[in-house]
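Structure record follows, encoded as structure tokens.
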Amino acid sequence: MAAPEPTAPRDPSTPPASSARRTFLARLSLPERTYVADALRAETVGGVLLLLAAVAALLWANTPISGSYESVRDFHVGPAALGLDLSLQHWAADGLLAVFFFVAGIELKRELVAGELRDPKAAALPVIAALCGMIAPALVYTLVNVGGGGSMDGWAVPTATDIAFALAVLAVIGTSLPSALRAFLLTLAVVDDLFAILIIAVFFTNDLNFAALGGAFAGLVVFWVLLRTGVRGWYVYVPLALVIWGLMYNSGVHATIAGVAMGLMLRCTRRDGEDHSPGEHIEHLVRPLSAGFAVPLFALFSAGVSISGGALADVFTRPETLGVVLGLVVGKAFGIFGGTWLAARFTRAELNKDLTWADLFAVATLAGIGFTVSLLIGELAFAGNPGLTDQVKAAVLMGSLIAAVLAAILLKLRVRKYHALLAEEERDDDMDGIPDVYEEHTPAYHLRMAEIHEKKATEHRRLAEAAAATDEARTAHGAEVAGGSRTDGDRPA
């Protein structure tokens, strides 16, 4: 039997541990629940905008005015002298997505120092789940293309999960997941983003310009020093960030790596007197820009592919595209579910008694929505073959759609249970602004509830006495009326 873990002073909102065995998908602490709720609320809005942008791109690219879509997408702008004369699609992929990866870097830093990943034992399950959720799709893609004689360049395309798109699906089907499942999905996406960043940095970097790379590194050092010395002001950091981004782009390393690096440098722990750390504050400011503008605009310029009958048929007949579809739909679901089940079994973690493994499989299926980063990796993997790039994009869209439909069906089967769990999590009978489930182990909560019930009991006793008096008055009045009627009957005509 595992030895009990050392414990820190307990948050009164967190119930005491009843056993040394770790509970998987347990209820979050109140601060973590609040953070997750705020983060996912912004991601959900961004996901809906992302969905609308993808639909707009598909309609634009498959109508008689599709030529204008290509013209706008391929329009070049930017200073050629700085090596930045890029198409609008290129600006969206390398420029705007740097903002997305900047937010991802902050999320990762916060998870590592203050969130679910700060405790190695607690982090083991989501990290193993995310790793298996990336390895399995890559293996599925590899098997399909080895057997079918396809290109191995796209092995990384189905490895990514798009948290915003997944949350948009939840919003559309009207399903609210319990906080533990939402946190698990968010942590999966954060770890997923980390490995996607590593894949992009390692496998899609070529023709390095060491002078530009050295300049970008020097810029990052200056960025770090300014942060550590407490220098404030967007007018300092935004121009510096643009310089670092431009140097990183010209170095041959994908420019989004600059965003990640700067996000990881921000402090995400709170000091005395701080309601929010600098990282949380900046994330709160930048996330709407990322979710509401940068990612949807990237989708608008990247999701516009032909969806004719022939193109859709090719998705299921060509090994590269079939590997992407099966990787997202089959590899993601069984990779995340299988990795989590095995990790829980060997670490002797117990599943939350309010949930079942079927709930985890539904969330794993939802993680097969690999829109934004999958499209980006597809562009990088087949950059020299525009025709195949569009086919792979169509496969990403088709695989994400199938995963979304399957997840919607699985989640709808348990929607009443989820609504009941969520209602219980948010119940606040003592009306102090803190959900009751976080106070049931504190004496003050029960004293407040006792006072509330005593007031209600007093009021009900008063109402009972008033009702009894009213009832007596009515009875007396009825008897008086009846007696009067009999007297009138005895009088002579």
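Just wondering, is there one or more residues in segment 102-124 that are open to solvent by 30 Å² or more (accessible area, probe 1.4 Å), closer than 18 Å to V295 by Cα and touching a residue at least 12 places away in the same chain (Cβ under 8 Å)? Looking through segment 102-124, at least one residue is open to solvent by 30 Å² or more (accessible area, probe 1.4 Å), closer than 18 Å to V295 by Cα and touching a residue at least 12 places away in the same chain (Cβ under 8 Å). Residue-level check: of (1) part of a helix (DSSP H, G or I); (2) touching a helix residue (DSSP H, G or I) at 6+ places or on another chain (Cβ under 9 Å); (3) open to solvent by 20 Å² or more (accessible area, probe 1.4 Å); (4) more than 22 Å from F100 (Cβ to Cβ), V221 misses just (2).
Taking (1) in a helix (DSSP H, G or I); (2) aliphatic (A, V, I, L, M); (3) free of Cβ contacts under 8 Å to residues at least 40 places away in the same chain in turn, V286 satisfies each apart from (3).
Set side by side, the residues Y418, Y445 differ, and just one is within 24 Å of the chain's Cα centre (by Cα) and either surrounded by 10 or more Cβ atoms within 10 Å (Cβ to Cβ) or at pLDDT below 90 (or both), which is Y418. If you check A124, A81, A104, A92 for being within 17 Å of the chain's Cα centre (by Cα) and small (G, A, S), only one passes: A104.
Could you go through segment 237-256 and let me know if any residue there is modelled with pLDDT under 90, within 19 Å of G95 (Cβ to Cβ) and in a helix (DSSP H, G or I). So far as segment 237-256 goes, yes, one or more of its residues are modelled with pLDDT under 90, within 19 Å of G95 (Cβ to Cβ) and in a helix (DSSP H, G or I).
Does segment 334-350 contain any residue that is open to solvent by 60 Å² or more (accessible area, probe 1.4 Å) and either among the small types (G, A, S) or not in a helix (DSSP H, G or I) (or both)?
Of all residues in segment 334-350, those open to solvent by 60 Å² or more (accessible area, probe 1.4 Å) come to 334, 341-342, 345-348, 350.
Imposing the further condition that a residue be either among the small types (G, A, S) or not in a helix (DSSP H, G or I) (or both) reduces the set to 348, 350.
Yes, there is a match, as at least one residue in segment 334-350 is open to solvent by 60 Å² or more (accessible area, probe 1.4 Å) and either among the small types (G, A, S) or not in a helix (DSSP H, G or I) (or both).
Residues that are modelled with pLDDT of 90 or more number at least 1 in the following helices (runs of 4 or more DSSP H) confined to segment 74-183: 97-113, 120-148.
Scanning segment 463-480 for any residue that is in a helix (DSSP H, G or I) and exposed (fewer than 10 other Cβ atoms within 10 Å of the Cβ) turns up nothing. So for segment 153-160 (the condition being more than 22 Å from G323 (Cα to Cα) and either of a type in the set (A, V, I, L, M) or out of contact with any helix residue (DSSP H, G or I) (no Cβ under 8 Å at 6 or more places or on another chain) (or both)), does at least one residue qualify? Checking segment 153-160: not a single residue is more than 22 Å from G323 (Cα to Cα) and either of a type in the set (A, V, I, L, M) or out of contact with any helix residue (DSSP H, G or I) (no Cβ under 8 Å at 6 or more places or on another chain) (or both).
With the structure loaded, tell me whether L355 is touching a residue at least 40 places away in the same chain (Cβ under 8 Å) and under 23 Å from the mean Cα position of the chain (by Cα) or whether it fails that test.
When the stated conditions are applied, L355 passes them.
For segment 158-172, filtered to residues that are touching a Phe, Trp or Tyr at 6+ places or on another chain (Cβ under 7 Å) and not acidic (D, E), the residue that is nearest to F203 (Cα to Cα) is P158. The residue that is farthest from S302 (Cα to Cα), counting only those in segment 361-399 that are open to solvent by 10 Å² or more (accessible area, probe 1.4 Å) and of a type in the set (S, T, N, Q), is N385. Within segment 257-272, being in a loop (DSSP other than H, G, I, E, B) and open to solvent by less than 30 Å² (accessible area, probe 1.4 Å) holds for L266, C268. Is it the case that some residue within segment 353-360 is surrounded by 21 or more Cβ atoms within 10 Å (Cβ to Cβ) and part of a helix (DSSP H, G or I)? Yes; the residues of segment 353-360 include at least one that is surrounded by 21 or more Cβ atoms within 10 Å (Cβ to Cβ) and part of a helix (DSSP H, G or I). Can you pull out every residue in segment 282-292 that is over 16 Å from the mean Cα position of the chain (by Cα) and surrounded by fewer than 16 Cβ atoms within 10 Å (Cβ to Cβ)? Answer for segment 282-292, where residues must be over 16 Å from the mean Cα position of the chain (by Cα) and surrounded by fewer than 16 Cβ atoms within 10 Å (Cβ to Cβ): just L285.
If you take the residues in segment 226-249 that are closer than 27 Å to Y35 by Cβ and over 29 Å from the mean Cα position of the chain (by Cα), which one is most open to solvent (accessible area, probe 1.4 Å)? So that I can check it myself, show each step before the final result.
Narrowing segment 226-249 to residues closer than 27 Å to Y35 by Cβ: 226-228, 230-234, 237-238, 241.
If we keep only those that are over 29 Å from the mean Cα position of the chain (by Cα) as well, we get 226, 228, 230-233.
Values: L226: 39, R228: 119, G230: 49, V231: 56, R232: 197, G233: 22 Å².
Result: R232.
Only residues that are in a helix (DSSP H, G or I), β-branched (V, I, T) and over 15 Å from L28 (Cβ atoms) were counted across segment 415-447, and they come to 1.
Scanning segment 59-101 for residues that are of a type in the set (G, A, S) and surrounded by 19 or more Cβ atoms within 10 Å (Cβ to Cβ) yields A61, A92, A93, G95, A98.
For the residues A37, A54, A42, the requirement of being of a type outside the set (D, E), assigned to a helix (DSSP H, G or I), open to solvent by less than 30 Å² (accessible area, probe 1.4 Å) and under 13 Å from A164 (Cα atoms) singles out A54.
The rows are residues; the columns are (1) touching a residue at least 60 places away in the same chain (Cβ under 8 Å); (2) open to solvent by 50 Å² or more (accessible area, probe 1.4 Å).
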site	(1), (2)
L186	yes, no
L194	yes, yes
I197	yes, no
V202	no, yes
S251	no, no
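Looking across segment 448-462, just one residue is open to solvent by 80 Å² or more (accessible area, probe 1.4 Å) and either assigned to a loop (DSSP other than H, G, I, E, B) or at pLDDT below 85 (or both), and that is E451.
Per the listing A171, A180, the residue uniquely within 30 Å of R27 (Cβ to Cβ) and open to solvent by 30 Å² or more (accessible area, probe 1.4 Å) is A171.
The values are calculated or read from the model by the stated rules, or taken from the named source; none is laboratory data. Fair warning: this is a prediction, and the values are worked out from it, not measured in the lab. Quick reminder, even Gly has a Cβ in these numbers, built from the backbone with ideal geometry, and neighbours come from all protein chains shown. Surface accessibility is based on the protein's heavy atoms, side chains included, excluding ligands, DNA and RNA. Shrake-Rupley method; radii C 1.70, N 1.55, O 1.52, S 1.80 Å.
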